[in-house]
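Dropping the structure in here first, questions after.
The values are calculated or read from the model by the stated rules, or taken from the named source; none is laboratory data. Because the structure is predicted, anything quoted here is derived from the model rather than measured. So basically every Cβ, Gly included, is an ideal-geometry build from the backbone, and we count neighbours across all protein chains shown.
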Amino acid sequence: MIVAEAVGALLAAAGVRAAFGVVGSGNFHVTNALVARGVRYHAARHEGGAATMADAYARMTGEVTVLSVHQGPGLTNAITGIAEAAKSRTPLVVLAGQATDTRSNFHIDQDAAARAVGAVPIRAATAGTAAECALEAFRTARDERRTVVLSLPLDVQAAESGMDAEEAERVAAAVRDRVPGPPAAPAEEVDGLRRMLDAARRPVFVAGRGARHARRELEALAERTGALLATSAVAKGLFRGSPWDLDVSGGFATPLTAELIRGADLVVGWGCALNMWTTRHGSLISPGTRVAQVDLDRSAIGRHAPADHGVAGDVAEVARALAETAAERPGYRSPELARRIREEGRWRAVPYQDDSGGGRIDPRTLTAELDDLLPAERVVATDSGNFMGYPAMFLDVPDELGFCFTQAFQSVGLGLATAIGAALARPDRLPVAALGDGGAFMGIAELETVVRLGLPMVVVVYDDEGYGAEVHHFGPHGHPLETVVFPPSDLAAIARGYGFAAVTVTGRADLAGVAEWLKGPRDRPLLVHAKVTGERPSWWLEEAFRGH
């Protein structure tokens, strides 16, 4: 095999099952090698979309996923999605052709580009080292949960690898079958957290991305210690069904959730950064509240919020050990509090003034109605923008695999691609993409991808005809807004042009079109063009701007 074929064969044999990308001359052979060995390849219309699809797929499956791009501009087109994946510790291998001749139009310093956004650069400099580099990229992505950019110089790709298919399988099997377990947490650190739990009267657990595999262990420990359960936004749904589930901590928290977290005497972050979003710039951590963190990455402990104690270890293992030794106590739990959580613990229970009218629908009303209409078995992906809290707060999800939130880099425009990747990872669920009009136009090319892949997706566009966050932040101070507002557009007509069914929603009655689509046959995806009210700023972004 030539090196390009060998790299594809090695990654497939190591365990890669899915790849995304846009194919050009520089990644043609390696992509075809993946496909020839059973890897499912999904073509996007833009490398930026492909990167985010791969990121979302990896998040929903936990598997190392491949992104395949052309040299130079193929990589730079994908760089925002790569930055999001790198910041989120997504196990992703980016295969990028590389032009090493500095006279080439395609030449850039690809290692520097990868390093600049937090990815790990690896370059297959010679035919003799290419196999080792490919497997090192896979190991790094899987075992360290990192995003790796593997640059494949064009001349190296074309060289003979000295390897046949049988040898590729044998070499890759050693990597595939040797998965290291998590390192054991230091006993003294675990015991220190036990003492904190034994002393706590009102403990709250906040679980993040690093705890999504540990629901059972955390619930058992919380039952023993009387802790209430909350999550960061990326782990939304983890404790769904528990009577002690407070849902999301931070800017999307209900008034009751904020009250109870502020009332805690101990907050434990489990695989959770406890960053400014999760703690509302620290306002959810009251003076005198003790803070502990459990994280595989020791450097994450105390990075955003001062921590009184840290445990470097796997969340599930640490929780399991503590459940055997921590004192049993009622903690924060009581029958009265269970009643309050049941009656007040979701945004649907919080009264509000419906601002619908004049040809526009209140986004809270829109989202609550959709929550009632759409099947419970759903996977929701949301873009960034002034609207983003409405789907995060008013659309319920069945579990931690029902919400895909690519917001570590806070880029507008990733929402549709996120939904595509999540839909392919969870074909058993109805995919729901929640976008603002700004993000919808940024990612609009991938509407064709939704249709081509036959995804029965619901795309909801919250259209306030502008970049709402900037309108509400700068408008009250008298700044001109011509640069951030736009004329009306018919997104429903545009979607129909791509092959969607579409409905325009200006009030509750228009949602009958969604109900009709849901009856079947759902042979085309549906775009809901919702003309939403835009008079009120979102309170979560008001908080964010004040914090900055």
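Just checking, which of R45, R59 is part of a loop (DSSP other than H, G, I, E, B), basic (K, R) and at pLDDT 95 or above?
That would be R45, the only listed residue that is part of a loop (DSSP other than H, G, I, E, B), basic (K, R) and at pLDDT 95 or above.
I'd like to check which helices (runs of 4 or more DSSP H) are fully inside the range 275-382 and have at least 2 residues that are farther than 19 Å from A235 by Cα and within 24 Å of the chain's Cα centre (by Cα).
363-373
Quick one: how many residues across the range 1-16 are touching a Gly at 6+ places or on another chain (Cβ under 8 Å) and either in a loop (DSSP other than H, G, I, E, B) or not assigned by TED's automatic domain parsing to the domain that holds A165 (or both)?
0
Which numbered condition in (1) touching a His at 6+ places or on another chain (Cβ under 7 Å); (2) free of Cβ contacts under 8 Å to residues at least 60 places away in the same chain is the only one that N386 fails?
(2)
Would you be able to tell me the number of residues in the range 411-445 that are touching a helix residue (DSSP H, G or I) at 6+ places or on another chain (Cβ under 6 Å) and either small (G, A, S) or in the same structural domain as A18 (by TED's automatic domain parsing) (or both)?
11
Further question on the same structure: Taking helices (runs of 4 or more DSSP H) that fall entirely within the range 394-490, which contain at least 3 residues that are modelled with pLDDT of 95 or more and closer than 23 Å to V22 by Cα?
Qualifying helices (runs of 4 or more DSSP H): 415-425, 437-442, 447-452.
Then there's this: Quick check on my filter: what residues within the range 223-240 are among the small types (G, A, S) and in contact (Cβ under 8 Å) with a residue 60 or more places away in the chain?
Answer for the range 223-240, where residues must be among the small types (G, A, S) and in contact (Cβ under 8 Å) with a residue 60 or more places away in the chain: G226, A227, A233, A235, G237.
Hey, another quick one. Out of the residues in the range 240-279 meeting the condition of being under 19 Å from P306 (Cα atoms) and β-branched (V, I, T), tell me which one is surrounded by the fewest Cβ atoms within 10 Å (Cβ to Cβ).
Selected residue: T279.
Check H107 against each of (1) over 29 Å from A56 (Cβ atoms); (2) of a type outside the set (G, A, S); (3) in contact with a strand residue (DSSP E or B) (Cβ under 8 Å, 6 or more places away or on another chain) and name the one condition it does not meet.
The failed condition is (3).
Taking A509 and the conditions (1) within 29 Å of the chain's Cα centre (by Cα); (2) assigned to a helix (DSSP H, G or I), which numbered condition does it fall short on, given that it satisfies the others?
(1)
Let me confirm something: among E448, E400, E482, which residue is in contact with a helix residue (DSSP H, G or I) (Cβ under 8 Å, 6 or more places away or on another chain) and either free of Cβ contacts under 8 Å to residues at least 40 places away in the same chain or surrounded by fewer than 19 Cβ atoms within 10 Å (Cβ to Cβ) (or both)?
Of the residues listed, the single one that is in contact with a helix residue (DSSP H, G or I) (Cβ under 8 Å, 6 or more places away or on another chain) and either free of Cβ contacts under 8 Å to residues at least 40 places away in the same chain or surrounded by fewer than 19 Cβ atoms within 10 Å (Cβ to Cβ) (or both) is E448.
Under the condition of being over 25 Å from Q157 (Cα atoms) and surrounded by fewer than 19 Cβ atoms within 10 Å (Cβ to Cβ), which residue from the range 29-67 is farthest from the chain's Cα centre (by Cα)?
E63
Another question about this same structure. Go through the range 264-273 and count every residue that is under 15 Å from D247 (Cα atoms) and part of a loop (DSSP other than H, G, I, E, B).
Here the count works out to 1.
Can you name the condition, by its number, that D101 falls short on among (1) more than 21 Å from R176 (Cα to Cα); (2) modelled with pLDDT of 95 or more; (3) not small (G, A, S)?
(2)
Given the condition surrounded by 20 or more Cβ atoms within 10 Å (Cβ to Cβ), in contact with a strand residue (DSSP E or B) (Cβ under 6 Å, 6 or more places away or on another chain) and at pLDDT 95 or above, answer yes or no: does some residue in the range 326-348 qualify?
Yes, the range 326-348 contains a residue that is surrounded by 20 or more Cβ atoms within 10 Å (Cβ to Cβ), in contact with a strand residue (DSSP E or B) (Cβ under 6 Å, 6 or more places away or on another chain) and at pLDDT 95 or above.
Let me ask something else about it. What are the residues in the range 253-263 that are more than 19 Å from the chain's Cα centre (by Cα) and in a loop (DSSP other than H, G, I, E, B), if any?
T254, G263
Scan the range 152-166 residue by residue and report those that are assigned to a helix (DSSP H, G or I), of a type in the set (A, V, I, L, M) and at pLDDT below 95.
Of everything in the range 152-166, just one residue is assigned to a helix (DSSP H, G or I), of a type in the set (A, V, I, L, M) and at pLDDT below 95, namely A165.
Okay, residues lined up against (1) more than 26 Å from the chain's Cα centre (by Cα); (2) farther than 17 Å from A54 by Cβ; (3) modelled with pLDDT of 95 or more; (4) not in a helix (DSSP H, G or I):
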residue: V93; (1), (2), (3), (4): no, no, yes, yes
residue: R115; (1), (2), (3), (4): no, yes, yes, no
residue: A127; (1), (2), (3), (4): yes, yes, yes, yes
residue: E136; (1), (2), (3), (4): no, yes, yes, no
residue: R139; (1), (2), (3), (4): no, yes, yes, no
residue: L150; (1), (2), (3), (4): no, no, yes, yes
residue: A168; (1), (2), (3), (4): yes, yes, no, no
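Restrict the check to the range 242-252 and report whether at least one residue is among the charged types (D, E, K, R), outside any helix (DSSP H, G or I) and either under 25 Å from R194 (Cβ atoms) or out of contact with any Lys or Arg (no Cβ under 9 Å at 6 or more places or on another chain) (or both).
Scanning the range 242-252, I find at least one residue that is among the charged types (D, E, K, R), outside any helix (DSSP H, G or I) and either under 25 Å from R194 (Cβ atoms) or out of contact with any Lys or Arg (no Cβ under 9 Å at 6 or more places or on another chain) (or both), so the answer is yes.
Restricting attention to the range 31-49, report how many residues are among the small types (G, A, S) and either touching a residue at least 60 places away in the same chain (Cβ under 8 Å) or in contact with a strand residue (DSSP E or B) (Cβ under 7 Å, 6 or more places away or on another chain) (or both).
So the count comes out to 4.
From G26, G81, grab the single residue that is among the small types (G, A, S), at pLDDT 95 or above, in a helix (DSSP H, G or I) and under 29 Å from R212 (Cα atoms).
G81
Among (1) assigned by TED's automatic domain parsing to the domain that holds A292; (2) assigned to a strand (DSSP E or B), where does R195 come up short?
Of (1) assigned by TED's automatic domain parsing to the domain that holds A292; (2) assigned to a strand (DSSP E or B), only one is false for R195: (2).
Any residue in the range 98-111 that is in contact (Cβ under 8 Å) with a residue 12 or more places away in the chain, closer than 25 Å to G421 by Cβ and part of a loop (DSSP other than H, G, I, E, B)?
no
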